[in-house]
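The values are calculated or read from the model by the stated rules, or taken from the named source; none is laboratory data. None of these values were measured; they are calculated from a predicted model. Every residue, glycine as well, gets a Cβ built from its backbone with ideal geometry; the counts of neighbours run over all protein chains shown.
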Ligand SMILES: [Cu+2]
């Protein structure tokens, strides 16, 4: 009886551990891909305003907003009016654009 109890506790413990590692994987979520049209580039501030299409992965509707870019070089060759595809990643300071490329208009 004591052994059964021990096994049961071990099982619960193992489940808790695997649940925790699943949660940890969620935090290191993969990049979210999105598309939109650039409205304004503020390269000096590493910011870009985009009228983005709905982003299902974030449950966001279409809207115009500023995004932070992780590195200013992401904005090289990008100008307002450009149709872009970009990737968002979460870091300690929140969401930031890590990649951006122009797509055919
Ligand atoms: Cu938005």
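Quick one: would you say residue 51 is within 16 Å of the ligand (Cβ to nearest atom), closer than 14 Å to residue 32 by Cα and either free of Cβ contacts under 8 Å to residues at least 12 places away in the same chain or exposed (fewer than 15 other Cβ atoms within 10 Å of the Cβ) (or both)? Let's see the steps before the verdict.
On the way: within 16 Å of the ligand (Cβ to nearest atom): yes; closer than 14 Å to residue 32 by Cα: no; either free of Cβ contacts under 8 Å to residues at least 12 places away in the same chain or exposed (fewer than 15 other Cβ atoms within 10 Å of the Cβ) (or both): yes.
It is false that residue 51 is within 16 Å of the ligand (Cβ to nearest atom), closer than 14 Å to residue 32 by Cα and either free of Cβ contacts under 8 Å to residues at least 12 places away in the same chain or exposed (fewer than 15 other Cβ atoms within 10 Å of the Cβ) (or both).
How many of the residues making up the range 69-105 are out of contact with any strand residue (DSSP E or B) (no Cβ under 7 Å at 6 or more places or on another chain) and buried (at least 16 other Cβ atoms within 10 Å of the Cβ)? Step through it out loud before you land on a result.
Pass one, the range 69-105, residues out of contact with any strand residue (DSSP E or B) (no Cβ under 7 Å at 6 or more places or on another chain): 71-73, 76-77, 90-94, 104.
Right, trim to buried (at least 16 other Cβ atoms within 10 Å of the Cβ) and you get none.
Residues in the range 69-105 being out of contact with any strand residue (DSSP E or B) (no Cβ under 7 Å at 6 or more places or on another chain) and buried (at least 16 other Cβ atoms within 10 Å of the Cβ): 0 in total.
Scanning for something surrounded by 13 or more Cβ atoms within 10 Å (Cβ to Cβ), modelled with pLDDT under 95 and in a strand (DSSP E or B), does the range 28-38 turn up at least one residue?
Step one: list which residues in the range 28-38 are surrounded by 13 or more Cβ atoms within 10 Å (Cβ to Cβ), which gives 31-32, 34-38.
After this cut, where a residue has to be modelled with pLDDT under 95 as well, the list is 31.
Those still in the list that are in a strand (DSSP E or B) too: none.
Checked against the condition, which is being surrounded by 13 or more Cβ atoms within 10 Å (Cβ to Cβ), modelled with pLDDT under 95 and in a strand (DSSP E or B), the range 28-38 yields no hits at all.
Sort out which residues of the range 55-84 are in a loop (DSSP other than H, G, I, E, B) and away from the ligand (no atom under 12 Å from the Cβ), and write them in order of number. Let's see the steps before the verdict.
We begin by selecting, within the range 55-84, every residue in a loop (DSSP other than H, G, I, E, B); these are 59, 61-62, 70-71, 76-82.
Answer for the range 55-84, where residues must be in a loop (DSSP other than H, G, I, E, B) and away from the ligand (no atom under 12 Å from the Cβ): 70, 71, 76, 77, 78, 79, 80, 81, 82.
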